[in-house]
Amino acid sequence: MQRLLTDIAGPFFEPDQPFRNCSALPYYQLDQPQWPYVDRDRLKRGLTRAERYLATVAAQGYTGIVLDNLAHLITFDAAPEQIYAPDDPCRQRALVYSAAFARLFEHAAGCGMEIFVTSDMQWATPAIRRYVGRLEPGNARLAAVNRWALEELFTRFSAVAGLFVRVGEAGGAHNQGAEYTGHLLYRTSNALRWLLDTLLPVCEHYRRLLVVRTWSIGIGELGDMLWSRERYRNVFDAYRSPHLLTSIKHGPSDFFRHLPLNATLGLPGPAQLVELQTRREYELFGMAPAGVAKLHGETLAAMRRLESVAGAWVWNGSGGWGGGQAALGQDGWSLWTELSSAVTAALARRAPADMAAFTRAWCLARFAGQGDNATIRAFAEAVAAVYLDSEEVIEDGWYCGPLRGELPRIGGVVLPTLLWIWWLRPTGAPVMWAFLAANVPDIPTCLERSRSALTRLEQHHARLAALAPRGCAEAAVVVESVRYLRDCLEVALALRETLLPAFAAAHAADRAGWRVALKALPATLDTLARHQATWDGRSDFPALELEEIAAYLTRLRNAPAVSWQQARLACALTRQLARGWPQGSHLRIVGAGVVALITIGLWRRPRVWPALAGVVVAGALAAPFRRPALRAALPWLSRRFFLLPSIFFEAGPSCAEWAG
C-alpha cells in the first residue's frame, strides 16, 4: 500500500475547553475577533501536542498527514488582483497560521511524511464574496480565486504534496461565523467537472496531487456520488491524469458498521484512497472501546486486491458533533483511538497479522511501569480483552444488527442501522423508529443480542475494576470508559425493548400489541433518568443527550391515542419512502402525510393557532413553494412534532442546503 495517511486535527483541540464540532481542526478555538486575531499561546500548545502525535503515528507506520484547511492559510498576497486588504483579519490569520504550520510541515517532512491540506468547496470569506460576486460554477472570477489560492499553497509550502477537496458537505453549522463560510455549489456532474478543470491544471503544473472526496449526503444530482457506480463513472471516467485521485469512504454511507464495501471501490479512472475512522464518531467518539480489527481488516484486505487503490486515509481525530474530554487524552486522542490507529496501521503494513497478540502486546507496553509485572500483565490482558470484544459488543448492543434485504435508501442516502441515535442524541422521530421496526430482520433476536452484549460488558467492567493498578490515572480512565459504555448500552436496550415492539405493532395495525409494548414506558423513562443523574454535568464523559427522546416517550405516555395515529402514519410514510424517493404525485402524497402528522399532533392541544400556521406552511411541501416552506418552517415543526431527528438542524449543512 503506497500511502497511509492520517488527519491531525485532534492535537489542536484545547483539552480544557468545550467543543462541539469535531469535523475539522478547531479554528473556532484559536481564532480571535481582534488583533492579533489568533490565540498564539493555544496555537503553540497545539503544535507541541501535534509534534508528539506525529512521532507516534510515524512510528505506527503512517506515511503522511492531512491538515485543515485552505481558507486559513491563504493571503492572496501574490494574486494579480487584490482580494484582502493588508489589515483584513483573514489575511492576518493566514500569516500567523502559515508561519506556525511551516514548522509542523518541516517536522513531518523530517519524519519522512507527506503533507496534504483540505478544503471545502466552495469556501469563501467576506472579501472573496465581494470580489467574486455571484457564487456559482462558471464564474470566471471564482475560478481565478480558486487557482490563485492553490498556486499560493504550492508556492508557499514546498512540502505540501496536494489538496483534498470536499464538495458534498458545506455550509450551515460548518460555517465559522460569517468570516469563513462554505457553499454547496457543485451539485451536478457538470459543475464538479468545471471545478476539476479549474484546479487540476494547477496541480499538474506544480506536480502536486488533487484528491477529490466523493463524500456526499443526498444533496443535488451528486447526492449519490458516494456509492453510485454510475454517478462515479459519469464524473471521473474522462480523467486519466496521474495528478488526480479520489477519496472514498469504505462503505456506501458514513462510518457505520453492518454495511458492505463501497460499490465504487476499484472502479477504473483515477487512483483511489479509502477513508477509515478510528475515533469512531457514531460509537461515542473514542470515549469508549470500539474495536476495528475486523472492520478495517476486511476493508484493507479487499483494497490490497485492487490495483486502482493507492492507499488509505485514517481519521484519528476528525468527525462528528459531540463528545467529551475523555475523547482527547493528552495529545488529542484517547487510549482507545490510539490503539485503533495502531491496529489499523498494523493491518495495513503487516497483514495478515495476529491482531489479538498485537493488541495484548500493545496494552502491556502501554501500562508497563505502573506496578508489579503480574498485576500489570493481568490488567493489560483485561484491557485487550474488552477492546477485542468491543467490536461485537458495539455491533450487537449499540447497533440493531444488519438490516434486511437490499440496502435501504432515501434519495441519494444509504441508511445505516444506527438510525435510533445520531452521535450522542437518541431520536424521538417516529419515522426513524418505524423504519427500524420494519427493517430489523428479527426483533426478538436483536433484543436478545443486545442483552447479551450488555451482560458481557458488565463482566468486562467488573474484571477491569478489580485489576486496575492503584494510582494509575490512565487505568482509572479505562475503567470509567467501560462503565460509561455499559450505561449507554443500557439506554440503547431500554429504548429498543419499548419502541421496536411498539412500532412493529403499529406496522401490523395491532393496537393491543401497541398498548402492551408501551407498558414498559415507566421503566424506560427511569433508565433515562438514571443515566442522566449519573453522567449529567460531566465534561469528560457527558451524558447522552436525552431531551428529545424523553419528550417523545412522555408524549407516548400522556397522549396514547394521538401517538398511535402518528405512529401508524409514520409507518405508512416509511413504506412509501421504501418504494423510492418521492417525485411528482408521490411527493404530494408525502407532503400531505407530513401535514397529517402535524395535524394529529395538534389534536386536543391548547394554543394551537401558532402551530396551525405551521400546518399551512407545511402544506406547501406538496406545492411549488415547498423549498422556501421547508427553509422557513421545517426546523420549528420538526422540534414540536418529532418529524426528524433534532440533530439534523444543528449539525452539517443547513436545512436550506437540502431544500435548495
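The values are calculated or read from the model by the stated rules, or taken from the named source; none is laboratory data. Please read all numbers here as calculations on a predicted model, not as lab measurements. As a convention, Cβ positions derive from the backbone with ideal geometry for all residues, glycine included, and neighbour counts pool all protein chains shown.
At a glance:
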quantity	calculated
Test result for ALA59, more than 23 Å from the chain's Cα centre (by Cα), small (Gly, Ala, Ser) and over 30 Å from LEU306 (Cβ atoms)	no
Of residues in the stretch 1-52 being buried (at least 19 other Cβ atoms within 10 Å of the Cβ) and among the β-branched types (Val, Ile, Thr), the one farthest from VAL96 (Cα to Cα)	THR6
Unmet requirement for MET303, which otherwise passes all of (1) surrounded by 23 or more Cβ atoms within 10 Å (Cβ to Cβ); (2) modelled with pLDDT of 95 or more; (3) not in a loop (DSSP other than H, G, I, E, B)	(2)
So ASP396, is it crowded, with 18+ Cβ neighbours inside 10 Å, of a type in the set (Asp, Glu) and outside any loop (DSSP other than H, G, I, E, B)	yes
Flag if LEU339 is under 20 Å from THR278 (Cα atoms) and either part of a helix (DSSP H, G or I) or out of contact with any strand residue (DSSP E or B) (no Cβ under 6 Å at 6 or more places or on another chain) (or both)	yes
Residue match in the stretch 127-142 (condition: within 29 Å of the chain's Cα centre (by Cα) and of a type in the set (Gly, Ala, Ser))	no
Candidate set from the stretch 325-364 (those that are small (Gly, Ala, Ser) and under 17 Å from VAL386 (Cβ atoms)); member that is surrounded by the most Cβ atoms within 10 Å (Cβ to Cβ)	SER340
Test result for GLY311, under 22 Å from GLN272 (Cβ atoms) and surrounded by fewer than 24 Cβ atoms within 10 Å (Cβ to Cβ)	yes
In the stretch 438-476, the residues that are within 26 Å of the chain's Cα centre (by Cα), farther than 21 Å from LEU528 by Cα and part of a helix (DSSP H, G or I)	ALA438, ASN439
So GLU474, is it within 23 Å of ASP396 (Cβ to Cβ), of a type in the set (Asp, Glu) and either touching a residue at least 24 places away in the same chain (Cβ under 8 Å) or touching a helix residue (DSSP H, G or I) at 6+ places or on another chain (Cβ under 8 Å) (or both)	no
Residue in the stretch 496-509 that is surrounded by fewer than 17 Cβ atoms within 10 Å (Cβ to Cβ), free of Cβ contacts under 8 Å to residues at least 12 places away in the same chain and either in a helix (DSSP H, G or I) or assigned by TED's automatic domain parsing to the domain that holds SER334 (or both) present	no
Test for GLY177: is it surrounded by 22 or more Cβ atoms within 10 Å (Cβ to Cβ) and either at pLDDT below 95 or not polar (S, T, N, Q) (or both)	no
Residues satisfying the stated conditions in the stretch 365-390, i.e. among the charged types (D, E, K, R), surrounded by fewer than 18 Cβ atoms within 10 Å (Cβ to Cβ) and part of a helix (DSSP H, G or I)	ARG377, GLU381, ASP389
